[in-house]
Amino acid sequence: MGMNASAEEVIQNVIESDKDMNDYYGEMEMKMFDGEDLIDHVNTQEYVSKEGKRKILTKDQLNDNEIVALNDGEKMIMYDKGKEEAFEMNVSDIDISASMNPKEQFKMMIESMEQTHEYEIAGEEKVLGYNTYHIKVNAKQEDSLLGDMELWVDQKTWFILKITSETGNSRMDFEYTKLDLSPEFKENVFTIDIPDQINIESIDENLAPDTVTIEEAENALGKPFLVFSDDEVKLNNIQMYDFTKELERYELEMEYTTNDDVPMFFLSIFPAPEEEDIEIKPGEMKVRDNNAEYEEQINSIMWDEDGLRYSIIITNPDITIEEVIELTENMVWNSDTE
């Protein structure tokens with residue numbers, strides 16, 4: 001495909017291509033900036049086998065710490081050398097991008113942005129000796145979650161060799177500095193050497209939410225909260241996530257359906273963050289006379305009210321954001337539903 005190829009033709013060729021690359025060894029560097037300030041600098045070694053095993057060694061250059069993660073398709077083990085902590089979790093039932101080959105990862109990235117971004121081929125360039133398409137991905141709206149991106153993608157394997165991304169005042173640079181597409185791994189590569197005194201903690205139970213009652217949810221949140229009226233939608237499930245260790249908070253998730261059990265949306269509720277950089281700023285949208293932010297990328301809207309942050313993710317494509325906002329006007333206190 002030559003220089004006259006359009007971005008749409010390149011992307012369609014990726015999606016339809018039967019060329020897969022399932023094993024490789026790579027070394028990469030990632031830097032994140034807030035304005036001109038370097039806030040994150042990581043070097044990574046990545047081992048991926050045909051059998052689906054993946055090992056990643058990450059070195060934090062700013063904090064001088066190293067983390068090793070091993071995923072064999074059934075279980076993932078992570079060892080943080082600096083903190084002297086190790087964790088393991090079952091991943092056999094989890095569909096995550098880390099288990100995808102490069103073409104699948106590229107396809108997923110493109111498809112997730114096809115409604116919110118526009119693409120153009122900026123040219124064909126050599127990166128690490130590979131012939132790549134230089135693709136510019138520009139957000140249609142200034143406040144897009146992912147912002148503008150540039151990708152350098154290998155023309156044969158669709159491996160993403162380099163990414164630059166800008167969102168607001170933030171910039172991320174990601175680039176492979178070494179790539180071997182025909183690696184010969186030693187027998188002990190896909191193992192982790194964890195000292196005997198380090199206890200490997202299972203985090204499967206910590207990740208799973210608890211099914212709770214409305215009363216238990218209020219006790220965890222520390223105050224009453226708003227819910228949707230039973231006259232308009234049906235509460236199908238209510239779960240509580242314990243993020244007290246990571247974020248010092250609980251988070252409530254409520255699944256709503258129609259009275260005929262057709263999925264509609266999820267409502268999440270947690271204490272409103274106090275940090276200025278993640279506050280909801282005045283804009284065009286309002287929910288219940290409060291400032292609101294809509295994220296088209298995930299079809300979600302959120303607002304703060306009486307010390308709690310409410311976030312709705314619409315799962316039914318036949319429901320518009322305007323219809324959901326109208327439903328919020330009739331929300332009631334949780335005590336009125338008991």
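We did not get these values from a lab; they are worked out from the coordinates using the rules stated. Predicted model only: the values in this text are computed from it and were never measured. Don't worry about glycine lacking a Cβ; one is built from the backbone with ideal geometry, like all the others, and counts go over all protein chains shown.
Below, the figures for the structure above:
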| item | result |
| --- | --- |
| Relative contact order, percent, region 209-337 [alpha-carbon distance under 8 Å, six or more residues apart] | 24 percent |
| Radius 9 Å from Cβ of Lys136, net charge of other residues (Lys, Arg +1; Asp, Glu -1) | -4 |
| Residue-count net charge about Lys59 - beta-carbon cut-off 15 Å; Lys, Arg +1, Asp, Glu -1 | -3 |
| Pairwise centroid distance, computed over Cα atoms, of region 265-320 with region 178-237, Å | 22 Å |
| Relative contact order of the chain, pairs being alpha-carbon contacts under 8 Å that are 6 or more residues apart, as % | 13 percent |
| Residue order, fewest to most surrounding Cβ atoms within 10 angstrom, among Phe33, Phe225 | Phe33, Phe225 |
| Dipole magnitude (debye, nearest 20) for the chain, charges at Cβ of Lys, Arg, Asp, Glu | 1500 debye |
| Residue-averaged [θ]222 nm for the chain, counting only DSSP H segments that reach four residues, each worth -39500 (n - 2.57) | -3500 deg cm²/dmol |
| Exposure proxy ranking, count of Cβ atoms within 10 Å, fewest first, for Thr320, Thr58, Thr164 | Thr320, Thr164, Thr58 |
| Which of Tyr130, Met28, Trp333, positive extreme of dipole for the chain (C-beta unit charges) | Tyr130 |
| Summed side-chain charge close to Pro183 - residues other than Pro183 whose Cβ falls under 14 Å, Lys, Arg +1, Asp, Glu -1 | -1 |
| Violating pairs (Cα-Cα greater than 27 angstrom) within the set Lys53/Lys140; Lys83/Lys162; Lys83/Lys245; Lys50/Lys136; Lys136/Lys281; Lys162/Lys286 | Lys53/Lys140; Lys83/Lys162; Lys50/Lys136; Lys136/Lys281; Lys162/Lys286 |
| Sorted by Cβ neighbour density within 10 Å, fewest at the top, the residues Ile319, Ile160, Ile298 | Ile298, Ile319, Ile160 |
| Enclosed volume per residue, in Å³, of the convex hull spanned by Cα atoms of region 106-256 | 239 Å³ |
| HN-Hα J in Hz across region 57-68 - Karplus 6.51, -1.76, 1.60, θ = phi - 60°, x for Gly and Pro | 10, 10, 10, 7, 6, 7, 9, 6, 10, 10, 10, 10 |
| Rg(Cα)/(2.2 N^0.38 Å) for the chain, N = residue count | 1.14 |
| Angle in degrees between helix 102-113 and the longest Cα principal axis of the chain, rounded to the nearest 10 | 40 degrees |
